[in-house]
Amino acid sequence: MYILDGRVRYSEVDSEQHMTVPALLNYFQDCCIFQSEDLGLGVDYLKKEQKAWMLNSWQVHLNHMPKLGAQIRVKTWPYDFKGFFGYRNFVLENQTGEICAYADTTWIFMDVAAGRPIRVTEEMLKTYAPEPKMDMPDVVRKITMPEPAETQASILVTKSHIDTNHHVNNEQYVDMAQQYLPDGKEICKLRAEYKKAAVLDDVIYPAVNCTDGAVSVSLADEAGKPYALVQFELR
């Protein structure tokens, strides 16, 4: 298990002083990246080897979001590797150890030069020490976009969306999708499935389906093929 301690910053909260969902996902993402960096399998190593871990899906459960100034602890650990898949849990706790949010994720190990998934290397299997999976529902990777879906204004991918893999960062898709949430509703669960990578100057075409308890968002190319599908369950 890798642990990252922090404190909720003003730049990470909404108008009611609660940590935002994008900030939560950034903490989770940063925590696993720091673990890889400390194990010698971080960004520079992957770049040299022309390999990458690509997030395939999130399943995030939110109990309550910590407020401005709160002391927090983020935990992450891989719990399994199968072929080219890796599986990882995340937990966000407050200063008393209460769980604020937790997640299950599926990752795909990629050969960047060949543009295809490859088996996880023996070096990684030996270096990462899998621990038991968190007791939570199995991650459901596939999201079916319900109909009808209302088309929204297109989004141009700019430099601010791009990460070290030179495509739109995972959190950015969720940030785009949450703009279509109704006011006054809290998220209790979110799922995201990543289909393909959007890059600089691509245009993303959102389509949204809203019900009383859920909002589903497709973020697709001009032909309607999704870059990402995001689904929120609301309280």
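The values are calculated or read from the model by the stated rules, or taken from the named source; none is laboratory data. From a predicted model like this one, the values you see are computed outputs, not experimental measurements. Virtual Cβ from ideal backbone geometry, glycine too; neighbours counted across all protein chains shown. Heavy atoms of the whole protein, side chains included, go into the accessibility calculation; ligands, DNA and RNA do not. Shrake-Rupley method; radii C 1.70, N 1.55, O 1.52, S 1.80 Å.
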query: Round to a whole number: what % of the accessible area of the chain belongs to carbon and sulfur, probe 1.4 Å?
result: 49
message: Just the number: Rg to Rh for the stretch 94-222, Cα atoms, Kirkwood Rh, two decimals.
response: 1.00
message: Let me check against my output: what whole-number percent is the relative contact order of the stretch 1-154, with C-alpha pairs under 8 Å and at least 6 apart?
response: 25
query: Once you put a point 7 Å from the Cα of Asp38 and another 7 Å from the Cα of Arg235, both along the Cβ direction, what distance in nm separates them?
result: 3.2
- line: For Lys82, counting only lysines whose alpha-carbon sits under 27 Å away and dropping same-chain residues fewer than eight positions off, the answer is Lys47, Lys48, Lys51, Lys126, Lys133, Lys142, Lys189, Lys195, Lys196
- prompt: What accessible area per residue comes out for the chain, rounded to a whole number of Å², with a 1.4 Å probe?
  reply: 51
task: Would you mind giving the three semi-axes, in whole Å and largest first, of the ellipsoid equivalent to the stretch 11-142 according to its Cα gyration tensor?
output: 28, 16, 14
- request: Translational diffusion coefficient, Stokes-Einstein: compute it for the chain using the Kirkwood radius over C-alpha pairs as Rh, at 37 °C and 0.692 mPa s, and state it as an integer in µm² s⁻¹.
  value: 178
- line: Hull surface over four for the Cα convex hull of the stretch 38-77, reported in nm², is 4.9
The stretch 105-135 versus the stretch 23-83: alpha-carbon centroid distance in Å: 13
